[in-house]
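Single-structure report; data block below.
Please treat every number below as a calculation from the coordinates, not as lab data. Being a predicted model, the structure only gives us computed values, none of them experimental. Here the Cβ is made from the backbone with ideal geometry for all residues, glycine too, and neighbour counts use every protein chain on show.
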Amino acid sequence: MAVRMKRLILLGAFLVCCLSLDAGVARAASDQAYVGLFADEYHSTCIIVSPGSLVSFTTWVWFLPGTSGVMAAEFHIVFPSNVIVGNVTCNTHVLGCYGPPEDIAFDHCLTEWEWGIKVECVLTDALPSIIELVPHSGDSSVLVATCELGFPLEPAIVLMDLYLNQTGRCFFDAAEPVSWGAIKSLYQ
């Protein structure tokens, strides 16, 4: 009887640990902020295709804050040689755009999806390339300042780059808005 009781206690402890770990994984996906490049104002498209002629498009930088929110961000956008970069527009809630590299600060704490900047672009040919979201030189990752006291910097997860004339690591169906559930499922 004592041996069976020990086994039940150990099994119970194991199950509690597993459930705690599973809950930790689900929370971990939302603890950190996400940032990504999209080709639309609905943060759902990450592929641009040219039939060989000039194609105008917009590169949007979207943020999905973690549980600590986002007040500012430091990142750099790398454009390939087959992209002509035009006007940069800041969200009206951005206090200032400085770049490159891009440093932005918001006038409020982000707690939901919000775009920071958008860049008008022209794709000049049908060659495959990628517009990349990368850290500042010297930084190991794209950084965000959280809304916590002192606005501490923490790494953000780069959700996706913008793929030109090729399929890429686009996670979402363009017809569906991206949700926390969709993002969490990627990291579980």
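So what does log10 I(q)/I(0) come out to for the stretch 33-186 at q = 0.15, 0.19 Å⁻¹, using the Debye formula with one equal point on every Cα and no solvent?
-0.75, -1.19
Which one of Ala126, Thr92, Gly150 is farthest out on the positive end of the charge dipole of the stretch 33-186, using unit charges on Cβ (Lys, Arg +1; Asp, Glu -1) and the Cα centre as origin?
Ala126
Once fully extended, how much extra length lies between Val122 and Ser140, figured as 0.36 nm per residue of separation less the alpha-carbon to alpha-carbon distance?
Length gained, Val122 through Ser140: 3.5 nm.
For Ser44, what residues show an amide H to amide H distance below 5 Å, using hydrogens built from the backbone and excluding near sequence neighbours?
Close amide H contacts, sequence-distant or interchain: Ala39.
Assuming 0.36 nm per residue, please report the length gained on full extension of the stretch Tyr42 to Val88 beyond their Cα-Cα distance.
Value of the extension gain: 14.8 nm.
Magnitude of the Cβ-charge dipole of the stretch 33-186, K/R +1 and D/E -1, about the Cα centre, nearest 20 debye?
220 debye
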